[in-house]
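Contents: one structure, followed by commentary.
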Amino acid sequence: MEQVRSTSTLPSNIPVTFPESYPFSLLSHLPKWPSNGSSTSDISSMFYPGLGETAMIFLVLLSVTSKKQLLDFLESSFEIEGRDNFSKMLISIFKVASSILDNEAFPGSWLNVNILAHKVLIRFWDPVTTILEREFIPRPDGGFEFDKALWTEGFHMLLKLLSSEQLVIEDFSPQVVIFRVVCSLF
């Protein structure tokens, strides 16, 4: 982006997500917030609208899909791709979800998007758990090895989701589903 210097790669003053016309700025400065005496670097004050749009589309696709449709998709992907490729796909999804929860796609001050991300990822965890329990927990007579990387990324995403500062566990009803799922794994 530094070499091109076209109008679509120069930072704009207003972060434009889902612009009406293209080309749109690939970089934008975040809105100026009242400072508490601390200065932020130029890198941390940049916003990437394309990354935000991609994350939003990912969240919306998951939010409009029912749990049964998600489970059917995961089961068919497992059958088509096989255990190893399916595991790599789930690891990638867990990394994307963790990135969204880390607010790499959009600012943490965007409350509506953050609430949507938490609700969608909690709903998404239920069908994923069904597949993980059925296909990735080795049985005593098991013929496959335990996939440590998959479970590490999965629990990393789940713990990041559950320990989020933006969650109030007592007031967030989908939490019951997550706790049931986590308890069933142990």
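Among the residues of segment 82-99, not a single one is assigned to a loop (DSSP other than H, G, I, E, B) and touching a helix residue (DSSP H, G or I) at 6+ places or on another chain (Cβ under 9 Å). In the set (1) aliphatic (A, V, I, L, M); (2) assigned to a loop (DSSP other than H, G, I, E, B); (3) at pLDDT 90 or above, residue 158 fails one condition alone, (2).
Just to be sure before I move on: is residue 105 surrounded by 15 or more Cβ atoms within 10 Å (Cβ to Cβ) and part of a loop (DSSP other than H, G, I, E, B) in the structure I sent? So residue 105 passes the test. Considering only residues that are closer than 13 Å to residue 128 by Cβ and aliphatic (A, V, I, L, M), which ones fall in segment 60-95? 62, 70, 71, 74, 89, 90, 91, 93 - these are the residues of segment 60-95 that are closer than 13 Å to residue 128 by Cβ and aliphatic (A, V, I, L, M).
Among the residues of segment 105-148, what is the count of those that are over 28 Å from residue 68 (Cβ atoms) and at pLDDT 85 or above? Total satisfying the criteria: 1.
Scanning for something small (Gly, Ala, Ser), under 30 Å from residue 137 (Cα atoms) and modelled with pLDDT under 95, does segment 30-42 turn up at least one residue? Before the answer, list the steps.
Let us first name the residues in segment 30-42 that are small (Gly, Ala, Ser), namely 35, 37-39, 41.
Next cut, under 30 Å from residue 137 (Cα atoms) only: none.
So far as segment 30-42 goes, no, none of its residues is small (Gly, Ala, Ser), under 30 Å from residue 137 (Cα atoms) and modelled with pLDDT under 95.
Among the candidates 98, 77, 63, 87, the residue that is more than 15 Å from the chain's Cα centre (by Cα), closer than 25 Å to residue 163 by Cα and touching a residue at least 12 places away in the same chain (Cβ under 8 Å) is uniquely 87.
Which of the residues that make up segment 135-155 are assigned to a loop (DSSP other than H, G, I, E, B) and closer than 20 Å to residue 74 by Cα? Full working, then the answer.
Just the residues of segment 135-155 that are assigned to a loop (DSSP other than H, G, I, E, B), to begin with: 136-147.
Listed by number, the residues that qualify are 136, 137, 138, 144, 146, 147.
Residues in segment 107-150 that are in contact (Cβ under 8 Å) with a residue 40 or more places away in the chain and in contact with a Phe, Trp or Tyr (Cβ under 7 Å, 6 or more places away or on another chain): 6 in all.
Is it the case, given these coordinates, that residue 119 is in a helix (DSSP H, G or I), of a type in the set (D, E, K, R) and closer than 19 Å to residue 162 by Cα? Against the criterion (in a helix (DSSP H, G or I), of a type in the set (D, E, K, R) and closer than 19 Å to residue 162 by Cα), residue 119 qualifies.
The values are calculated or read from the model by the stated rules, or taken from the named source; none is laboratory data. This structure is a prediction, so every number in the text was calculated from the model and none was measured. Cβ atoms come from the backbone with ideal geometry, glycine included; neighbour counts cover every protein chain shown.
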